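The values are calculated or read from the model by the stated rules, or taken from the named source; none is laboratory data. The shown structure was predicted, so the numbers you read here are calculated from the model rather than taken from an experiment. A quick note on method: Cβ atoms are made from the backbone with ideal geometry, for glycine too, and the neighbour counts reach across all protein chains shown.
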Amino acid sequence: TSVHFHIITLFPEYFDSPLSCGLMGKALEKDVLEVSRINPREFTRDRHRTVDDRPYGGGPGMVMLLDPLVQALNAMPPGCRKVLLTPKGKPLDQSLAASLAKENDLALVCGRYEGIDARLEELFDLDLVSAGDFVLNGGEAAALCLMESVARFLPGFLGKQESAGEESFSSGLLEYPHYTRPEEYAGLKVPEVLLSGDHGRIAAWRWQKALENTFRQRPELLTTRPLTSNDLDFLHG
Ligand code: 6GU
C-alpha cells in the first residue's frame, strides 16, 4: 500500500463510518491505503487509565498527558512523518495534501480537551496542521479531512473518470458550474454552449466561469496565481 495512516486518538470509534463509506471504504478493501487506530489510553498503567489532567497555572478544561502520547509515538515505524492536528497549525491545503501523499507512514495525533502538554513538540519533530480557522472539539474531524484529501492523490483511489485533473484547485481556481438533464427546469435552461458539441468553446466557457466564481467568492486565490492576458480578457472584456 502507498500510505499507512496511524491515527492516534482517544476516540478510535469516531472513524468507523467515514472509513467504511464510499471511495474510502473501497480503497481500504483494495489495500490502496492502510489505516491503524491507536488509543493512547492503551499505554496508561494506572488503575483509572488516566489520559488527561488539570492545567498548571489554572484555567478551564483538561490537558492531555505526555506519557501515553509519547509511548504511542515511540511505537510508530521508523521514518514515520508525525502530524499534530491543532487549530494553531498550518491550514490544510491541496499542496500540503499532495506532499503528505508521498509518505509511507503518517502518524496523525488528534488532540482533545483544551490541548496537549506543550512539551510533546519538544520531544518529537511534529508538523502542526489545522483544518482551518474555526474551532472543533478535537483533531479527529481535521484528521478525516487530511486523510481524505491525501487519499485522493493515491494511485487507484479515484476511478479513471474522475482522476485529479479537472477538479477545484488543480487549476488554482474554483470549479466551473455543472449541469445535467433535464435541459430546462422551471424555466431555467442549461447554457446553450454546453449543448453545442464544440469542445473548444465549452473549455473556454468553463475557464471563464471558473475565473468568475473565483473572483467573486475567493478573490485572494487570484493573488498567488498570476493572471494571463486571456484571464483578464475574460474578467473584464
Ligand atoms: Cl486540528 N483541532 C481543533 N480542536 N480545532 C480545529 C482544528 C483542529 N482545525 C481547525 N479547528
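Flag set for Phe169, criterion: among the hydrophobic types (A, V, I, L, M, F, W, C) and within 25 Å of Glu212 (Cα to Cα). Asp233 passes every criterion in (1) within 25 Å of Ser95 (Cβ to Cβ); (2) surrounded by fewer than 16 Cβ atoms within 10 Å (Cβ to Cβ) apart from (1). Within the stretch 62-102, the set of residues being surrounded by 14 or more Cβ atoms within 10 Å (Cβ to Cβ), in a strand (DSSP E or B) and either out of contact with any Cys (no Cβ under 7 Å at 6 or more places or on another chain) or hydroxyl-bearing (Ser, Thr, Tyr) (or both) comprises Val63, Met64, Arg81, Lys82, Val83, Leu84, Thr86, Pro87, Gly89.
If you go through the stretch 130-155 and keep only what is near the ligand (Cβ under 9 Å from one of its atoms), free of Cβ contacts under 8 Å to residues at least 60 places away in the same chain and of a type outside the set (Gly, Ala, Ser), you end up with Asp133, Phe134, Val135, Leu136, Asn137, Cys145.
This table checks each residue for (1) farther than 15 Å from Leu92 by Cα; (2) surrounded by 13 or more Cβ atoms within 10 Å (Cβ to Cβ); (3) at pLDDT below 95.
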{"residue": "Glu121", "(1), (2), (3)": "yes, yes, no"}
{"residue": "Gly156", "(1), (2), (3)": "yes, yes, no"}
{"residue": "Gly165", "(1), (2), (3)": "yes, no, yes"}
{"residue": "Leu174", "(1), (2), (3)": "yes, yes, no"}
{"residue": "Glu184", "(1), (2), (3)": "yes, no, no"}
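Has the stretch 103-118 got any residue that is in a loop (DSSP other than H, G, I, E, B), closer than 17 Å to Phe11 by Cβ and hydroxyl-bearing (Ser, Thr, Tyr)?
yes
Which residue pairs have Cβ atoms closer than 8 Å, lie 6 or more positions apart in sequence or on different chains, and pair a first residue in the stretch 45-73 that is at positive phi with a second residue that is part of a loop (DSSP other than H, G, I, E, B) and of a type outside the set (Ser, Thr, Tyr)? Here the result reads Gly59/Glu114; Gly61/Pro55; Gly61/Glu114, each pair linking the stretch 45-73 to a residue that is part of a loop (DSSP other than H, G, I, E, B) and of a type outside the set (Ser, Thr, Tyr). Only residues that are part of a helix (DSSP H, G or I) and more than 17 Å from the chain's Cα centre (by Cα) were counted across the stretch 122-167, and they come to 4.
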